[in-house]
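The structure appears right after this line, and notes come after that.
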Amino acid sequence: MRILVTGGAGFIGSHLCERLLDEGNEVICLDNFFTGRKVNVAHLAGNPNFEIIRHDVTEPIFLEVDQIYNFACPASPVHYQYNPVKTVKTNVMGMVNMLGLAKRVRARILQASTSEVYGDPIEHPQTESYWGNVNPIGLRSCYDEGKRVAETLMMDYHRQSGVDTRIVRIFNTYGERMLENDGRVVSNFIVQALKDEELTIYGDGSQTRSFCYVSDLVDGIIRLMNVDGDNVHMPVNLGNPGEFTMKELADEVGKATGKDIRLKFMPLPQDDPKQRKPNIERAKELLGWEPTVPLAEGLKRTAAYFASVV
Ligand code: NAD
Ligand code: UDP
């Protein structure tokens, strides 16, 4: 198949391009290089089945493809809040453009949605049927609400025009090729530990997240894209249900890096969700998928990567 990956030079997108090429597909990586880097896909450049296009998804593009993975969008709060209007445009206009392309060439399209559609969740763990608790006017809204509209567009293009859609709600994912200055907690903690700096805990560190290693996530995403049957158009949570407070995560990073950890407490950002953990029963049933890499192992691999680049 010929497959388009938007945001293909980013953290998750680059792992996806690599896996799709390994499986014998032709891959077109489209990126505007806002948070993505050519070096993330440089090792694929010699592959005759691989192409890179510098393009912004807020502008239309015409390509002949069989499948589209729409991953273009900065994912770290630091980056998506840098230009919030652009983040909304990327999520909304980018989604319309990719759905228009999917409709025109009859390609199947998978949207990278997020656990952020649940906002600061009152239901815990989060199931796909939960409608969420999202602030529509806060600093995170450009991302959260942008991704919610993107899901709405996916469902409406499916119902109205019969576009073959898949929606994955991705929970916090980490691994090799995260940006060193990405601002997300795993990369921050690992880079700080490796540099013998204090680990920055926002708030009192009691808030929880559930962290999925990137190879597990990519496996689930490809399964979802290729599954057929009833009910495949409704969203699917993918994530690792192991739940950790940020203080516990700091301890785990200490073990993975072999460093003595010192903590520095800083203000909690606005609307920071207090808890997050996926219910993955739907993914287990529909895809026969569950994560296999424990946090301790994934952190070791990620720390080894950062040790080679920091
Ligand atoms: P990332 O920032 O590393 O990757 C995003 C990529 O999209 C980058 O290469 C960036 O340059 C590109 N991009 C941004 N705006 C663009 C635009 N307008 N046109 C073209 N390209 C553009 O982030 P990531 O962690 O790899 O996330 C990838 C996708 O997965 C995002 O859509 C994100 O919302 C979603 N997601 C990620 C996580 C996570 O924990 N990593 C969780 C939930 C959802
Ligand atoms: N966080 C932290 N220290 C950091 C970066 C983040 O304590 O250096 C916290 C942040 O406040 C949030 C959690 O870690 O509660 C996860 O943050 P991240 O930005 O990685 O993801 P998200 O909030 O989008 O889930």
Would you list Val27, Val149 from fewest to most Cβ contacts within 10 Å?
Val149, Val27
From phi via Karplus (6.51, -1.76, 1.60), per-residue ³J(HN,Hα) for region 107-122 in Hz, x at Gly/Pro
8, 7, 10, 10, 9, 7, 8, 8, 5, 5, 5, 8, x, 8, x, 8
Please arrange Phe265, Phe171 by how many other C-beta atoms lie within 10 Å of their C-beta, fewest to most.
Phe265, Phe171
Return Lys264, Lys274 ranked ascending by Cβ neighbour count within 10 Å, so the fewest neighbours appear first.
Lys264, Lys274
Placing +1 on each Lys and Arg Cβ and -1 on each Asp and Glu Cβ in the chain, then taking the dipole about the Cα centre, the residue among Ala112, Met225, Pro241 whose Cα reaches farthest towards the positive end is Ala112
Where the centroid of each part is defined by its Cα atoms, how far is region 271-304 from region 152-210 in Å?
11 Å
For region 177-252, state which trypsin sites (Lys or Arg not before Pro) are in a DSSP loop and have at most 16 other beta carbons lying within 10 Å of their beta carbon.
Lys195
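Where the only charges are on Cβ atoms (+1 Lys, Arg; -1 Asp, Glu), what is the dipole of the chain about its Cα centre, to the nearest 20 debye?
420 debye
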Modelling each spin label as a point 7 Å along the Cα-to-Cβ direction, I'd like the Phe33/Glu285 distance in nm, to one decimal.
4.6 nm
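So in the chain, what percent of DSSP beta bridges are antiparallel if you round to the nearest 5?
Numbers: 3 of 38 bridges.
Roughly 10 percent of the DSSP beta bridges within the chain come out antiparallel.
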Once you put a point 7 Å from the Cα of Lys264 and another 7 Å from the Cα of Asn231, both along the Cβ direction, what distance in nm separates them?
4.9 nm
If the chain between Tyr202 and Asn47 were fully stretched, how many nm would it gain, using 0.36 nm times the residue separation less the Cα-Cα distance?
51.5 nm
Dipole of the chain [Lys/Arg +1, Asp/Glu -1 at C-beta], most positive-end residue of Gly258, Val92, Thr292:
Val92
Using the structure shown, select from Lys195/Lys274; Lys274/Lys300; Lys195/Lys300; Lys89/Lys277; Lys195/Lys255 the pairs with a Cα to Cα distance greater than 22 angstrom.
Lys195/Lys274; Lys274/Lys300; Lys89/Lys277
Prolate/oblate/rounded label for region 105-147 (Cα gyration tensor, a/c 1.5):
oblate
Any chance you could tell me what percent of the C-alpha pair distances in region 200-310 go past 25 Å?
35 percent
Sparse-neighbourhood loop hits (GluC sites (Glu not before Pro), region 244-310; DSSP loop; Cβ within 10 Å at most 13 others) -> none
Backbone HN-Hα couplings from phi across region 238-252 [Karplus 6.51/-1.76/1.60, Hz, Gly and Pro as x]
10, x, 9, x, x, 10, 10, 6, 5, 5, 5, 4, 4, 4, 4
When we measure straight from the Cα of Lys38, which aspartates and glutamates land under 14 angstrom away, once same-chain ones fewer than 8 places off are left out?
Glu18, Glu51
Report the FRET efficiency, 1/(1 + (r/R0)^6), for Arg2 and Met93, where r is their Cβ-Cβ distance and R0 is 30 Å, rounded to 0.05.
0.80
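In whole Å, what three semi-axes, largest first, describe the equivalent ellipsoid of region 114-230 built from its Cα gyration tensor (square root of 5 times each eigenvalue)? Intermediate values should be presented prior to the final figure.
Details: eigenvalues 183, 72, 34 Å².
Semi-axes (√(5λ), whole Å): 30, 19, 13.
How far, in nm, would the chain grow between Glu248 and Arg301 when pulled straight, counting 0.36 nm per residue and subtracting the alpha carbon separation?
Numbers: separation 53, 0.36 × 53 = 19.08 nm, distance 1.83 nm.
Stretched fully, the Glu248-Arg301 segment lengthens by 17.3 nm.
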Compactness summary of the chain: radius of gyration and Dmax from Cα atoms, Å, are 18.5, 57
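Every number in this text was worked out from the coordinates using simple rules, so none of it is lab data. All figures in this text were calculated on a predicted structure; none of them were measured in a lab. We place every Cβ from the backbone using ideal geometry, glycine too, and count neighbours over all the protein chains shown.
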